[in-house]
1. Please go through the range 153-185 and give me each residue that is farther than 16 Å from residue 136 by Cβ, of a type in the set (Gly, Ala, Ser) and buried (at least 16 other Cβ atoms within 10 Å of the Cβ), ordered by number.
2. Counting only residues that are among the basic types (Lys, Arg) and under 23 Å from residue 122 (Cβ atoms), how many does the range 17-50 have?
3. Please enumerate the residues belonging to the range 42-64 that are within 15 Å of the chain's Cα centre (by Cα) and touching a residue at least 40 places away in the same chain (Cβ under 8 Å).
4. From the list 98, 66, 62, exactly one residue is assigned by TED's automatic domain parsing to the domain that holds residue 121 and more than 18 Å from residue 10 (Cβ to Cβ). Which is it?
5. Determine, yes or no, whether residue 40 is out of contact with any Leu (no Cβ under 7 Å at 6 or more places or on another chain) and surrounded by fewer than 14 Cβ atoms within 10 Å (Cβ to Cβ).
6. Just checking, which of 87, 94, 28 is part of a strand (DSSP E or B), modelled with pLDDT of 85 or more and surrounded by 14 or more Cβ atoms within 10 Å (Cβ to Cβ)?
7. Among the numbered criteria (1) under 30 Å from residue 9 (Cβ atoms); (2) modelled with pLDDT of 85 or more; (3) in contact with a Ser or Thr (Cβ under 7 Å, 6 or more places away or on another chain); (4) not charged (D, E, K, R), which one does residue 151 miss?
Amino acid sequence: MAKLSARNRTALVEVTREYTVESLQHAHDRFQASYKADYVPGSDPSLTVWERCTRRLMSDGKILEKRDVRFRPSPNCTWEDPQGRRHCYGWKVHGKLKGGLTAADFARVYAADTKSGKPSPWTVTTGAVKAPIVISQKRIMAAVESGEQIGFCTECGSEQMGVEPDANGYKCEACGHMAVTGAENLLLEIA
């Protein structure tokens, strides 16, 4: 699995594409029909009901890809999420940017209309993509169990005292963003 921050690299451009249940079913039907001559489209439901593909051009020229999916829920499974179990396949190296091309060229290719003239299915985010802030569940639980009024900034990850348990959108003393949330509130969001 590729590490995003390896060798101090950053993401220059990010592109995402989401697939709907209809497009996933159509792709599944095409695949089944390729090796089953008597296959009836729609007779076998696709395994996933939602999928998102994310590609990032890194500062070292490598293109990383991550796939997130939501599997079709099992009708007779009571413990599973009724909307279907989510899964992330993690970051993998997808390719490398050809020599002489820039991040702007990469973004332009993904933003261009398809050959049939339809708009691009990809959403492009240019500029350095900030790494997400991760506040561990262990850290949140320690704050809740302490009994003190502790909150966390979801922008920079800093801890702040004097924050009500149900607070959301308070100003951070460290970075100035309106992103401080109470520890109990964060714990509810994880569940």
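The values are calculated or read from the model by the stated rules, or taken from the named source; none is laboratory data. Quantities reported herein were computed from a predicted structural model and do not represent experimental measurements. Every residue, glycine as well, gets a Cβ built from its backbone with ideal geometry; the counts of neighbours run over all protein chains shown.
1. 167, 179, 182
2. Count: 2.
3. Within the range 42-64, 54, 55, 56, 64 qualify.
4. Being assigned by TED's automatic domain parsing to the domain that holds residue 121 and more than 18 Å from residue 10 (Cβ to Cβ) holds for just one of 98, 66, 62, which is 98.
5. yes
6. One residue alone meets the criteria, 94.
7. (1)
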